[in-house]
Every structure is written in structure tokens, then in C-alpha cells.
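Take a look at the structure below.
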Amino acid sequence: MKSTIVIASGAVLVACFSTPALAQTGTLHACVSTNTNNAQMRLIGATDACRPNEVHVQWNVTGPQGATGATGAQGAQGATGATGATGATGATGAQGAQGATGATGPTGPQGPQGIQGAQGTAGTDGASGYQKIDASTNIAAGQTITGFIPCPAGKRPTGGGWKTTEDDYQVKMFGSGPDANNTGWGGGMHNQGNTTRTLTLTVYCITAP
């Protein structure tokens, strides 16, 4: 299932939402995000490709357990080895006397003030062109939606995320972050409840330095 919505917020933006394909063979395939701060995994079809910021993993579905093999013959018991001799216990040494605490030394004189350092180079300009962009759609019960909002030309994302109008805990996020080229924000949500909710994806953009 795939849906497309168009939201106007200072510019015309397009957010695409789709439902991932399920594996149809005895091998499960998935894509794992390489983002170490927000690693996510999603199942894909056997012929689907992973995104540039993901790696492909797969594993087999466990088959039925085989029949139990016959019990092997018991081997002959080996001979008991001889017991070694017990060594003598060493004597405990005497505890040494505790030394006296030394006297506290006098405080040294304060050193002279150092010379003033050279002025540092001027820093780069701070962030500018801040812009918040939202895209909303309904997410039905049991539906999975993925989406992406690009920043306007010349801008880069500094953050973003998902939320529902009702803050419904049954609508679960399974992905949220910038794309590989750092041009916008995307991810996915799944409605585990039984009620349609209003879902909003947000990206915060600034002018690229």
C-alpha cells in the first residue's frame, strides 16, 4: 500500500508513505541502519534493495528438529591415578610496624602571572535561515507508513521526528533520521492500535554554512 500527500508550508513539499514488503521464502531479509546513534532494522522482500545508509542481513527460518540419534556404547573406565603428596604449609610472616605520618610541607609561593595569549581567529557565522516544515496524514489501524520531507534548496536538516495529534502510545516509531545526503528527514511509523490517528512528520532546517 502506498500513499502520497502534498503539504504547503512556505513551499510545496511531498512526503511519500509506503508499507514494506514481507519475506516470502524460507530466508528472512532485512536492512539495518548504519547510524550508530539511532540504529534501526526493517524487514524487506527477498529481491528488495537496502538504502545507501543501510546494510543487508539475512537468516534462515528454523526447520523441524531431526530425530534423536542412537546412544553410543559406553567406554571403559580408566584407572585411578595416584594421589600426590601434600606440601608443607609455610609460616605466616610478622606484620610490620606502621610508619609515622609525615609533616605537611609549607605552601609554595604564587607564581607570576603569565603573558596574555594571542587573539584567536574569528569563528564561523552561526546558523541562520531556521525553518520548521510539517507533513501530516492519517494512519489507519494496523497500517505502516514511511515518509520523507526534504529541506528547501540550500538548507540542511538539524533535527526532526514523528508524533500523533493524540500522542497515542500505540502508534510506534521504527525509524527517524536524516537521509544519507543530509537533505531532509524521514522514517516510519506503525499503528498497533485499532483507531485511525493523525500522524505528523517534522523537519527543522537551517541555511547550509
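Residues of the stretch 48-77 that are touching a Ser or Thr at 6+ places or on another chain (Cβ under 8 Å), in a loop (DSSP other than H, G, I, E, B) and surrounded by 10 or more Cβ atoms within 10 Å (Cβ to Cβ): N53 alone. Would you confirm whether or not the stretch 146-156 contains a residue that is within 29 Å of A30 (Cβ to Cβ), among the aromatic types (F, W, Y) and either at pLDDT below 95 or open to solvent by less than 20 Å² (accessible area, probe 1.4 Å) (or both)? There is no residue in the stretch 146-156 that is within 29 Å of A30 (Cβ to Cβ), among the aromatic types (F, W, Y) and either at pLDDT below 95 or open to solvent by less than 20 Å² (accessible area, probe 1.4 Å) (or both). Selection of the stretch 123-138 for residues being more than 14 Å from G161 (Cα to Cα), open to solvent by less than 70 Å² (accessible area, probe 1.4 Å) and touching a Cys at 6+ places or on another chain (Cβ under 9 Å) yields G129, Q131. Of the listed requirements (1) of a type outside the set (D, E, K, R); (2) under 23 Å from L43 (Cβ atoms); (3) surrounded by fewer than 16 Cβ atoms within 10 Å (Cβ to Cβ); (4) in contact with a Leu (Cβ under 9 Å, 6 or more places away or on another chain), G186 misses just one: (3). The residues listed here are N194, N181; of these, the one that is open to solvent by 50 Å² or more (accessible area, probe 1.4 Å), farther than 30 Å from E54 by Cβ and in a loop (DSSP other than H, G, I, E, B) is N194.
The values are calculated or read from the model by the stated rules, or taken from the named source; none is laboratory data. Computed from a predicted model, the values in this text were never measured in an experiment. Note: ideal-geometry Cβ built from the backbone for every residue, glycine included; neighbour counts use all protein chains shown. Ligands, DNA and RNA are stripped out before the accessible areas are found, and what is left, the full protein with its side chains, is counted by its heavy atoms. Shrake-Rupley method; radii C 1.70, N 1.55, O 1.52, S 1.80 Å.
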